[in-house]
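S.K.: This structure is in structure tokens; I'll ask about it shortly.
None of the figures in this text is laboratory data; all of them are computed from the coordinates on show. All values derive from a computational prediction rather than experimental measurement. Cβ atoms come from the backbone with ideal geometry, glycine included; neighbour counts cover every protein chain shown.
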């Protein structure tokens with residue numbers, strides 16, 4: 001083993017001491033929770049209605065298959081949001097007078113839809129539009145719930161794209177234009193690729209939020225995971241299915257969140273070089 | 001024969017007049033160096049010639065065509081005029097080869113294969129063949145600027161504008177970039193070069209043009225301008241430069 005110098009020995013001692021302190025405090029907190037929470041007067045009731053193992057085992061498979069519905073809604077919403085929000089960001093960026101109405105619409109769109117809670121959009125669009133008396137496949141809550149999510153999320157994501165576009169330095173456009181590239185070619189081949197790359201960490205946060213907000217559609221009909229949990233809660237007079245649903249969500253969102261953090265950290269590292 | 005003629009060109013940013021009634025002619029195959037203090041309008045002049053900045057007054061003739069006409073579509077004109085920037089402005093998300101082939105493919109409609117062949121030929125000529133797959137962030141400043149020049153040359157411009165292309169470089173990297181310019185001069189490329197490198201201007205330029213407050217004070221052969229300047233303002237500028245050395 002190589003002999004450590006004075007500085008390394010000092011650092012090693014500090015590292016050891018912090019390890020001891022952090023383990024001790026973690027142990028104390030966990031022991032406190034495990035010992036103190038069961039001493040609360042309502043613990044047995046809470047344990048039975050929220051953490052009932054038998055109920056969990058019985059309901060988990062059905063919850064899992066209901067979660068597939070959430071994933072499907074997510075998977076077709078996400079690309080639609082990507083396309084619509086990009087279109088809106090580009091519309092807000094346009095300078096051509098003929099496209100002024102588009103620009104105005106882009107501004108109005110982001111202002112109005114960012115100002116309304118997504119759950120309200122889901123209610124208004126999900127109940128309102130089928131209420132017009134549309135014939136059968138076109139009154140599906142899957143369609144109008146998706147529309148509500150896409151409209152609501154695109155307003156936010158469009159702003160992310162717009163910030164990305166504005167963060168690409170004007171000298172990049174100047175270089176592209178000086179080579180003879182048109183305004184639209186400059187946007188497509190030079191500005192947008194850099195803008196999107198820069199905003200990937202921010203976009204990942206919206207991916208996570210969307211994954212969770214798909215559950216809002218439970219209010220207008222689709223038997224997705226939250227509604228399934230709701231059904232079980234009523235059936236068994238027990239809240240454990242909600243905990244099961246939370247566990248399933250976490251199994252997906254935690255890895256995605258970690259991945260987003262990793263991307264963010266990597267970007268920060270690259271920029272500091 | 002003149003490649004470029006500027007007639008009484010003016011350009012203001014807000015209330016600041018950056019180019020003031022400036023006239024200048026550049027012959028085909030000639031290399032003109034623009035010298036002058038920072039803020040004398042060298043960079044703005046080059047950006048105006050490339051139509052990146054619209055001029056307020058005056059005419060810019062490229063061959064026998066006034067490109068300052070406001071109604072013209074600038075894109076087909078820009079591809080005939082190359083501009084190399086002080087800060088390189090390579091596209092960081094594209095490899096060296098992709099940086100060079102982007103405009104030939106998307107503007108001139110060249111096939112990818114043709115554009116790449118031409119790009120590699122150019123890279124070889126300037127000693128950069130091994131960098132084709134590299135990304136700009138992994139190149140030295142001098143290499144980045146040489147790639148930027150090659151990127152412009154890939155469009156086969158009739159006129160090359162060089163905007164203080166060595167100012168952002170460490171001193172030991174200046175030489176390799178100036179060598180590229182020497183090569184281009186030997187090939188009779190028509191060039192207008194804004195520079196602080198007086199030694200290079202004196203050695204390589206056909207004519208040197210001293211700008212002050214957005215107008216031409218004096219334009220002459222390098223020998224004449226550096227040894228026997230006719231104008232008092234030119235003498236002052238050169239004396240100040242010497243004093244700083």
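S.K.: Please work out the FRET efficiency for the pair residue A:140 and residue A:114, using the Cβ-Cβ distance as r and a Förster radius of 35 Å; give the result to the nearest 0.05.
M.R.: Numbers: r = 26 Å, r/R0 = 0.76.
For R0 = 35 Å, the calculated efficiency reads 0.85.
S.K.: If you count, for every residue in A:178-191, the Cβ atoms of partner chains within 10 Å of its Cβ, what is the mean? Kindly include the intermediate steps, with their values, before the conclusion.
M.R.: Working: counts 19, 18, 16, 7, 7, 1, 0, 5, 1, 0, 1, 8, 5, 1.
Going residue by residue through A:178-191 and averaging, the value is 6.
S.K.: Take residue A:99 and residue A:10, extend 7 Å from each Cα along the Cα→Cβ direction, and tell me the distance between the two endpoints in nm.
M.R.: 6.0
S.K.: With just the Cα atoms defining each centre, how far is the stretch A:175-220 from the stretch B:47-65? Give it in Å.
M.R.: 36
S.K.: Can you list, largest first and rounded to whole Å, the semi-axes you get for the protein assembly as shown by taking the square root of 5 times each eigenvalue of its Cα gyration tensor?
M.R.: The equivalent ellipsoid of the protein assembly as shown has semi-axes of 63, 32, 20 Å.
S.K.: Would you mind pulling out the separation of the Cα centroids of the stretch B:8-26 and the stretch A:96-134, in Å?
M.R.: That distance is 48 Å.
S.K.: For q = 0.11, 0.15, 0.16 Å⁻¹, what log10 I(q)/I(0) does chain B give under the Debye formula with an equal point scatterer on each alpha carbon and no solvent?
M.R.: Cα-only, vacuum Debye calculation for chain B: -0.58, -1.07, -1.20.
S.K.: Still on this structure: Per-residue Cβ counts within 10 Å, from other chains only, averaged over B:79-91: what number is that? Mind dumping the intermediate values first?
M.R.: Details: counts 4, 1, 3, 3, 5, 2, 4, 1, 3, 2, 10, 2, 8.
Counting other chains' Cβ atoms within 10 Å and averaging over B:79-91 gives 4.
S.K.: Follow-up. Please compute the modelled spin-label separation between residue B:117 and residue B:203, points set 7 Å along Cα→Cβ, answer in nm with one decimal.
M.R.: So the label points at residue B:203 and residue B:117 sit 3.6 nm apart.
S.K.: May I ask you to derive the FRET efficiency for residue A:262 and residue B:72 from their Cβ-Cβ distance with R0 = 51 Å, giving the value to the nearest 0.05?
M.R.: Working: r = 50 Å, r/R0 = 0.97.
That pair, residue A:262 with residue B:72, gives E of 0.55.
S.K.: Take each of the peptides B:13-22, B:26-35, average the number of other beta-carbon atoms within 10 Å over its residues, and list them starting from the highest. Please list the in-between numbers first.
M.R.: On the way: B:13-22: 14.9, B:26-35: 20.9.
Top to bottom by mean Cβ count within 10 Å: B:26-35, B:13-22.
S.K.: Shifting gears a bit: From Cα pairs below 8 angstrom and at least 6 apart in sequence, can you work out the relative contact order of the stretch A:51-272, rounded to a whole percent? Intermediate values should be presented prior to the final figure.
M.R.: Working: 223 pairs, mean separation 66.1, N = 222.
Relative contact order comes out at 30 percent.
S.K.: Same structure again: Would you compute the Debye intensity of the stretch A:51-272 from its alpha-carbon atoms alone, equal scatterers and no solvent, and pass along log10 I(q)/I(0) at q = 0.07, 0.08, 0.15 Å⁻¹ to two decimals?
M.R.: -0.30, -0.38, -1.05
S.K.: Please give the contour-minus-distance gain from residue B:233 to residue B:186: 0.36 nm per residue of separation, less the Cα-Cα distance, rounded to one decimal in nm. Display every interim value, and only then the final one.
M.R.: Numbers: separation 47, 0.36 × 47 = 16.92 nm, distance 3.20 nm.
Using 0.36 nm per residue and subtracting the Cα-Cα distance, I get 13.7 nm.
S.K.: Which order do B:134, A:110, A:59 fall in if you start with the one that has the fewest other Cβ atoms within 10 Å? Before the final figure, lay out the partial values.
M.R.: On the way: B:134 15, A:110 21, A:59 26.
Ascending number of Cβ neighbours within 10 Å: B:134, A:110, A:59.
S.K.: Going by C-beta contacts inside 10 Å, put B:131, B:42 in order with the fewest on the left. If you can, show how the numbers build up before the last one.
M.R.: Details: B:131 21, B:42 25.
Listing B:131, B:42 from fewest to most nearby Cβ atoms yields B:131, B:42.
S.K.: Could you calculate the contour length gain from residue A:169 to residue A:223, that is, 0.36 nm times the residue separation minus the distance between their Cα atoms, to one decimal place in nm?
M.R.: On the way: separation 54, 0.36 × 54 = 19.44 nm, distance 4.73 nm.
Stretched fully, the residue A:169-residue A:223 segment lengthens by 14.7 nm.
S.K.: Here is a follow-up. I need the calculated FRET efficiency for the pair residue B:242 and residue B:2, taking r as the beta carbon distance and R₀ as 51 Å, to the nearest 0.05.
M.R.: Details: r = 33 Å, r/R0 = 0.65.
Computed FRET efficiency for residue B:242 and residue B:2: 0.95.
S.K.: Also, I was wondering about something else. Give the percent of DSSP beta bridges with both residues in the protein assembly as shown that are antiparallel, rounded to the nearest 5. Show your work: numbers first, answer last.
M.R.: Details: 20 of 37 bridges.
Restricted to the protein assembly as shown, the bridges split so that about 55 percent are antiparallel.
S.K.: Right, next: With label points built 7 Å along Cα→Cβ from the Cα atoms of residue A:45 and residue B:172, find their separation and express it in nm.
M.R.: It is 7.9 nm.
S.K.: Need the full-extension length gain, residue A:21 to residue A:54, defined as separation in residues times 0.36 nm minus the C-alpha distance. One decimal, nm. If you can, show how the numbers build up before the last one.
M.R.: On the way: separation 33, 0.36 × 33 = 11.88 nm, distance 3.86 nm.
Stretched out fully, the residue A:21 to residue A:54 stretch lengthens by 8.0 nm.
S.K.: Determine, for B:69, B:59, B:164, the number of other Cβ atoms within 10 Å of each Cβ, and report the residues in order from fewest to most. The partial results should precede the final answer.
M.R.: Values: B:69 10, B:59 15, B:164 20.
Lowest to highest Cβ neighbour count: B:69, B:59, B:164.
S.K.: Could you sort B:92-103, A:79-90 so that the peptide with the highest average Cβ count within 10 Å comes first and the rest follow in order? Walk me through the numbers on the way to the answer.
M.R.: Working: B:92-103: 21.3, A:79-90: 18.8.
By packing density, highest mean first, the sequence is B:92-103, A:79-90.
S.K.: Return the average number of partner chain Cβ atoms within 10 angstrom of each residue Cβ along peptide B:48-56. Provide the component values of the computation, followed by the final result.
M.R.: Working: counts 0, 0, 3, 2, 5, 1, 0, 0, 0.
For this peptide, the per-residue mean of nearby foreign Cβ atoms is 1.
S.K.: Just the number, please: percent antiparallel of the DSSP beta bridges in chain B, rounded to the nearest 5.
M.R.: Numbers: 20 of 37 bridges.
So the antiparallel bridges in chain B amount to around 55 percent.
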